[in-house]
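Heads up, the thing below is written out as structure tokens.
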Amino acid sequence: GAVVSQHPSWVICKSGTSVKIECRSLDFQATTMFWYRQFPKQSLMLMATSNEGSKATYEQGVEKDKFLINHASLTLSTLTVTSAHPEDSSFYICSARDLLAGNTYQETQYFGPGTRLLVL
Amino acid sequence: AQSVTQPDIHITVSEGASLELRCNYSYGATPYLFWYVQSPGQGLQLLLKYFSGDTLVQGIKGFEAEFKRSQSSFNLRKPSVHWSDAAEYFCAVGAVNTGNQFYFGTGTSLTVIP
């Protein structure tokens with residue numbers, strides 16, 4: 001249980017194009033999803049918190065218009081990197097939390113396998 | 001301010017030797033504590049977590065961790081390391097009253113030598 005998938009796992013794009021990354025909770029309903037960015041040999045940096053049916057909450061320094069997040073359903077959140085540039089190249093990881101798993105408040109975040117973005 | 005410190009950037013151990021990875025946190029509320037492992041190019045896998053109760057928690061793959069409130073620590077241990085344990089290990093802290101945000105340490109890279 002508690003499986004999170006991401007698609008695609010790899011994406012290479014030209015500078016100026018937009019890239020959409022999907023995050024899905026496969027066997028539970030994710031009331032909250034999180035998007036992280038990880039640079040090589042560094043820790044995860046939280047970009048935004050996405051709650052189903054409402055606007056995402058972005059961390060300080062993260063451009064809302066550049067990193068568009070949509071959490072349209074309880075099992076899907078998408079991150080769109082608009083007008084991507086080489087400096088946006090990174091490893092993007094999503095996580096999902098089942099707030100009421102078994103009627104017990106759950107704080108555990110389950111992570112997707114990540115999406116590696118390379119912008120040329 | 002909330003923070004998580006993993007003092008050891010890189011650790012090398014021999015296969016079969018014991019392992020301890022350190023994690024210290026600074027948190028204004030009762031913390032929820034986690035250890036995750038990340039293999040190269042992969043996402044994070046949950047090893048274990050502490051919410052409350054017994055301060056010694058058991059996880060997967062033979063790992064355990066002990067919560068010591070007085071030392072603000074949550075160190076990860078394994079009695080006998082296997083070559084497949086080579087990976088990056090992250091300690092994380094979270095709590096309800098922070099909007100459920102996780103704070104991650106900078107990670108400890110583990111190398112296992114035969």
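Among the residues of region A:4-37, write down those that are assigned to a strand (DSSP E or B) and modelled with pLDDT under 90.
A:THR32
Among strands (runs of 3 or more DSSP E) lying entirely in region B:23-86, which contain 2 or more residues that are closer than 25 Å to A:GLN38 by Cα?
Of the strands (runs of 3 or more DSSP E) lying wholly inside region B:23-86, those with at least 2 residues that are closer than 25 Å to A:GLN38 by Cα span B:24-26, B:32-38, B:44-50, B:73-78.
Do any strands (runs of 3 or more DSSP E) lying entirely in region A:53-116 carry at least 3 residues that are within 14 Å of another protein chain (Cβ to nearest Cβ) and either over 14 Å from the mean Cα position of the chain (by Cα) or at pLDDT 90 or above (or both), and which ones are they?
Strands (runs of 3 or more DSSP E) meeting the threshold: A:90-97.
So A:VAL11 passes all but one of these: (1) surrounded by fewer than 17 Cβ atoms within 10 Å (Cβ to Cβ); (2) in contact with a Leu (Cβ under 7 Å, 6 or more places away or on another chain); (3) closer than 23 Å to B:PRO40 by Cα. Which condition number does it fail?
All conditions are met except number (1).
The values are calculated or read from the model by the stated rules, or taken from the named source; none is laboratory data. Small disclaimer: the values here were computed from a predicted structure and weren't measured. Heads up, the Cβs are rebuilt from the backbone with ideal geometry, glycines too, and the neighbour counts pull from every protein chain shown.
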